[in-house]
Amino acid sequence: MTTSATSRPGRRAFLKGMVAGGLLAACPVQTAGAPSSAPVPVPTETVFTTCDMCFNRCGVAARVTGQGKERRILKLDGNPHCSKSRGMLCARGNAAIAMLDPAERLTTPLLRTGKRGENKWKSISWEEAYTLMADKLRGIARDHTPCGMLFTPGADTHSQFVKRFAEAYGSFNVTTHESLCLLSGHRAFMDTFGEVPQPDLLHCDYAVMLGANRFEALVMPDTADAMQAMRRGAQLIVLDPRPTKTARLANEWYAIRPGTDLAFLLAVAHVIIHENLYDRAWVEAHTTGLEQLAEHVRSCTPQWAAAETDIPAEAIIRIARGLAAAAPRSMIYPGRRTSDYVDSTQIRRAFAIVNALLANYDRKGGLMSTPAVALKGYPLDAPWYDHNQEDRVDAAMAPMLFKAEGAFVLTREAILAGKPYPVKGWFLYKTNPLGTAPDRARTLAMMEKLDFIVCMDVQLSDTAFMSDLVLPAPFYLERDDPYFVVQGGPAGPAVMTRSAVVPAPGQCKPAFEVMQELARRLDLADCFNFSLAELKARQEAGLPGLKEATAEKGLLELDVPLYGLRAGQPFKTPSGRIELFSQQYADKGLDPMPVYQTPAKAPQDRPFRLVAGRSAAITQSASTNNPLLFELEPGNTLDMAPEAATALGLRDGDMVRVTSSVGEECLRLAVVPGMRADTVYMHTGYGGLSPARKRVHGVGGSIVALQESAADAICGNSAIHTTYVRVTRHTETV
Amino acid sequence: MRHLKSVLALTLITCLCASMAFAVEGNSRKGKFLYRKHCRTCHGVNASDLSPSSKVQADWKKLYANMGTIPCQKDWGAISDADKKDIFSYLHEFAKDSPTPASCQ
């Protein structure tokens, strides 16, 4: 695909119409804590970079003053040139500035001197840290093969170097945060469409969101697109057991019974097929298995689904007809986090199947094919080790793992069992499984099986706190990154830049430098035979205009076609078509079409299903301790329906004890009108273990301490909506 | 008689091809190493002109069954049959319609 630096004025000018012109001006800024009579510092320079407070990667304009040691960031704004983020920056993006305070940060390598969890450390030099790591990694490879090391990179741009090191070292065991989040959805869409499409909410006229809370759990550009589409009259239907802000703002909201999304979707398919509401020519030309699907959903009537979902049959029929009438500018919104149930891949297959019936693929207002954008790099020639394991430690534990991502929950079980082989070391970079993986006690037990744990991060996260060696990483505003691609749905793809705006505190080192030096000490220098500057130069050479555009605007937006990309081409599936019926699933003994099962009843002594979600002001455990964001979300509550609270004799603000089969936590109750009476909710990222994260250490309840361990039966993705809890009054003085 | 022999020969070739086509069962991880060592020098170095995701699994199977038709085969030197099987296993496992299509690297 050819690309050019020329922006298409129509599309992007339209999107940028949303951006307030004032953002372009660098206004005088009142810094926090400055006395009102003090002179207001004025930024003298704007540096464009890319936010790293969450996965969205929004463009940032850092307003800077001073030079050398006096250089500091006064304020962060959205980059007005960034179409994906509409020139905006959310609360988390703004609060990034608080992370520059060295008091919030790791600034030197720390070696544990007490037992894990005793919080006894000594500062060591990088030389000592490298020597220790090289010795330990050499020993683990010798005694347990290279696969005896587990690597868990984060999601930022330097994470690729941790993966590169793992491959050079010879470990197949790389497990990412994605297997605690979104892989079920990816599995489902890959196996149905052959790719993971992007939603075009901007041009959509009728969207159904199941569980997605796009007006709080922000995803750009989807959040902005949904708002804008609704302003011009698009219909948004939300199915969620909680009265989220998205639910409250939707045209229709149904408090669906948790675990019954699939019944709803099969009934929607039933109505569309049996009322002949689909574009027969398109569906017949692009899909396979329509006849089997029609037969499969024959008995899935709206009346049947109503009894399962608590959504009236008339509403299901109306929604199905609404979707079909607006098609192809309609969709079942694919969502982002899909780690809900053990059959989440099949549930998300149903998302994909209904979208296929809407004929919305690769069309405006539907699901967009992702434009391919490749950046040049340095190829890796990793050595081959005859003395190694055959495969990943979790390879046989799910039939369709993503081999590059693995499955954290399954890997953890394999390590605990010591089978099929022992894993004895763990290297983590900017990810915190003790704050994000279900069943925290089980993760702690897994860590006890390991001889050596290294955690590299910007703060002493819970996982770093329980590690043996902690390495200080620079925050994104202090770091140079390689260029990277972001996909912006209807805003198109862009290549982003991230450059150090201010120096890092203390002895922080970027992951590239650490992995390169570690590789050198393990005789793997050939695998890192380039500098970051050389890598960026190669990327620039491969994409004309990149260097100039990023210098001027902080990004290069690529002018590529966004619709009709796959016209006339076979889909990347075994049949070359959209697979309503999956023969490869049948061949593996899996249901070739999603089969609904009524959720098991809650245990009598734990009647509430615990569900997870996100606030607009925090990103899991990574940002709850941020002083600015903590002002907005000072701890979490257990959200419960009024009738459920009344039945338990509880009132808003009471301290409650929440008990699951694996843990118990205490936090305040929030009575939330509109919640389903059988469901409770709490924010993630509180009740942390690490005393260094003082605002959230022991504050609120930890959801991962309560969540039971379960995994998607097809891809091994975590399943975090399978936990039932008991709620009682907490009588101790707090 | 000649016609019958031709039919038998064709049937035999078809069966042989079919059996070979489903015999891509080498070590795909080693195949990745071998592909980089033997193939990538010509087939580009990154986002190359040929990678596992250049073809669908069925096409890799066909190609494996008909290696004689591959234009660059003469340049393969002394790559053993076992190594070829590993390389094709890698190409097949990460084909563009596979559960895990290869990315650029």
**Asked** Dipole size in debye (nearest 20) for the protein assembly as shown around its Cα centre, Lys and Arg Cβ +1, Asp and Glu Cβ -1?
**Response** 820 debye
**Prompt:** Taking the inverse of the average 1/r across all pairs of different Cα atoms in chain A, what Kirkwood radius in Å do you get?
**Reply:** 26.8 Å
**Item:** Relative packing of peptides A:529-538, A:198-207 - highest average C-beta neighbours within 10 Å first
**Value:** A:198-207, A:529-538
**Request:** Return, for the Cα atoms of region A:529-679, the radius of gyration and Dmax in Å, separated by a comma.
**Result:** 26.0, 68
**Item:** Area of A:Val196 that stays accessible when all protein chains are in place (1.4 Å probe, Å², to 10)
**Value:** 50 Å²
**Complete:** Order by accessible surface, 1.4 Å probe, largest leading, for residues A:Val501, A:Val595 comes to A:Val595, A:Val501
**Prompt:** What is the list of residues in region A:182-222 whose amide nitrogen lies under 13 Å from a point 7 angstrom out from the Cα of A:Arg231, following Cα to Cβ?
**Reply:** A:202
**Request:** Normalising by the residue count of region A:73-147, find the relative contact order in percent from Cα pairs under 8 Å and 6+ residues apart.
**Result:** 16 percent
**Request:** Would you mind calculating the relative contact order of region A:608-729 from Cα pairs under 8 angstrom and at least 6 residues apart, reporting the percent as a whole number?
**Result:** 35 percent
**Item:** Estimated 222 nm signal from helices in chain A, with DSSP H stretches of n ≥ 4 weighted -39500 (n - 2.57), rounded to 500
**Value:** -8000 deg cm²/dmol
**Message:** As an exercise, use a Förster radius of 35 Å and the Cβ-Cβ distance of A:Glu548 and A:Asp523 to find the FRET efficiency, rounded to the nearest 0.05.
**Reply:** 0.30
**Asked** With Cβ to Cβ distances under 13 Å as the rule, what net charge do the other residues near A:Ala294 carry (K, R +1; D, E -1)?
**Response** -2
**Request:** Kindly list the residues of region A:272-297 that lie in the label zone of A:Gln583, defined by a backbone N under 15 Å from the point 7 Å along the Cα-to-C-beta vector.
**Result:** A:287-292
**Local net charge near A:Ala437, Cβ-Cβ under 11 Å (Lys/Arg +1, Asp/Glu -1)** = +1
**Complete:** By the Cα gyration tensor axes a ≥ b ≥ c (a/c under 1.5 gives rounded; else a/b larger than b/c gives prolate, otherwise oblate), the shape of region A:78-212 is oblate
**Request:** Using amide H atoms built 1.01 Å from N in the peptide plane, name the residues 5+ places from A:Met368, or on other chains, whose amide H lies under 5 Å from its own.
**Result:** A:Gln198, A:Asp200, A:Asp362
**Space enclosed by the convex hull of the alpha-carbon atoms of region A:328-372, per residue, Å³** = 78 Å³
**Item:** Whether region A:584-649 is rounded, prolate or oblate, judged on the alpha carbon gyration tensor where a/c under 1.5 counts as rounded
**Value:** oblate
**region A:608-729: C-alpha gyration tensor shape, a/c 1.5 cut-off, then a/b vs b/c** = oblate
**Full-stretch length increase - A:Lys69, A:Glu45 - with 0.36 nm per residue and alpha-carbon distance subtracted** = 7.1 nm
**Request:** Enumerate the aspartates and glutamates that B:Lys55 could reach by cross-link, defined here as Cα to Cα under 19 Å, with residues fewer than 8 away along the same chain left out.
**Result:** A:Asp191, A:Glu195, A:Glu579, B:Glu25, B:Asp86, B:Glu93, B:Asp97
**Message:** Heavy atoms of the protein only, probe of 1.4 Å, neighbouring chains included. What is the accessible area of A:Arg248 in Å², nearest 10?
**Reply:** 140 Å²
**Request:** Please name which of A:Gly698, A:Gly635, A:Ala617 has its Cα lying farthest along the dipole of region A:608-729 towards the positive end, using unit charges on Cβ (Lys, Arg +1; Asp, Glu -1) and the Cα centre as origin.
**Result:** A:Gly698
**Prompt:** Using alpha-carbon pairs under 8 Å, 6+ residues apart, how would you state the relative contact order of chain A in percent?
**Reply:** 19 percent
**Message:** I need the calculated FRET efficiency for the pair A:Ala396 and A:Arg142, taking r as the beta carbon distance and R₀ as 30 Å, to the nearest 0.05.
**Reply:** 0.75
**Request:** Could you tally the net charge around A:Ala692, taking each other residue with its Cβ under 14 Å from the Cβ of A:Ala692, Lys/Arg +1 and Asp/Glu -1?
**Result:** +1
**Request:** Determine the gain in length on full extension of the stretch A:Asp310-A:Val485; use 0.36 nm per residue of separation and subtract their C-alpha separation, reporting nm with one decimal.
**Result:** 58.8 nm
**Item:** DSSP beta bridges in region A:608-729 [antiparallel fraction, %, rounded to 5]
**Value:** 60 percent
**Request:** Return the percentage of antiparallel bridges among DSSP beta bridges fully within chain A, rounded to the nearest 5 %.
**Result:** 50 percent
**Message:** Rounded to two decimals, what is the ratio between the C-alpha radius of gyration of region A:84-151 and 2.2 N^0.38 Å?
**Reply:** 1.72
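The values are calculated or read from the model by the stated rules, or taken from the named source; none is laboratory data. Quick caveat: nothing in here was measured; it's all calculated off a predicted structure. Here the Cβ is made from the backbone with ideal geometry for all residues, glycine too, and neighbour counts use every protein chain on show. Remember, those area values only see protein heavy atoms, side chains included, never the ligands or the DNA or RNA. Shrake-Rupley method; radii C 1.70, N 1.55, O 1.52, S 1.80 Å.
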